[in-house]
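Structure first, then comments.
The values are calculated or read from the model by the stated rules, or taken from the named source; none is laboratory data. Since the model is a prediction, treat every value here as computed from it, not as a measurement. Virtual Cβ from ideal backbone geometry, glycine too; neighbours counted across all protein chains shown.
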Amino acid sequence: MDAREVRKRLQAVQTLLLEPSTTREKFNSVRDLIRGINPQLDGALSRIEQHFATWSHIESGDVIHLTADHLPENTEEEKKRKKWLLLFINSWKQLKSEVARMQGEFDASQGSNTPTDTGSLLGRILWKAKGPLGIITVLAIGVVALQQTGVEIMIQNQGCGTMQVSGSIPISLPGLKMPKEPIPSGGSSVVELPGLTVNVDGRASGVLSIGILSYALTFQLPSNIEDVTMNGTSLLGKKTEVKLSERDTHTLTLICS
């Protein structure tokens, strides 16, 4: 599913979500259109499905009015129904909010076709994603957009011992590639990342850290390290912001005596 298809589905779902009532069938249509786009949407859909499962009185064709105003509370059954409806409405609003947020990002980027602008869209969506699953929100704008903004970082080992690359990214995504093997002296390897802004911290002795989103890649530096450069500029002893989207390829070079 590419970015255009995601946007088309979000627009269709927004129309359904803005109606003052719903049914099981209408919800099923919403679910089928957007399930699998991103974990926040899937979580909202799951909560609504659970509400349907816990209230057996809702039949297939029943209309659910998305307001609890003026509902009677004269009997225990009526009180239970109102309580259920309030929870259902809250979950429905959460789903509407997430769909509207994602649709807003697409609308803001309408007419932009450059890789840098597409990368900015990625960054805005990711910045607003909460929790440890934030990186998965990349999928909300489709595999194609992610691939378009991908950049390469060539890691070169000039005279250093074999280097181990470790990271905390727990999943595999299109456009993201980590070295599978250690990098020996004289060797090189390629990291592929979306074109986002990353922070490089070279202040700690023997360690070079690269932060992207809420994750970190850590390079253990050898004791005979002389310099570490990014595109010819030293990274040691300071913090450096690197905007990956500004270039298609970058070179990270470790130089040892």
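With the requirement that a residue be at pLDDT below 80 and surrounded by fewer than 12 Cβ atoms within 10 Å (Cβ to Cβ), what does the range 63-103 give you? Talk me through it step by step, then tell me what you get.
As a first pass, look at the range 63-103 and keep what is at pLDDT below 80: 69-70, 101-103.
Those that are at pLDDT below 80 and surrounded by fewer than 12 Cβ atoms within 10 Å (Cβ to Cβ): D69, H70.
Residues of the range 65-91 that are in contact (Cβ under 8 Å) with a residue 12 or more places away in the chain and basic (K, R): R81, K82.
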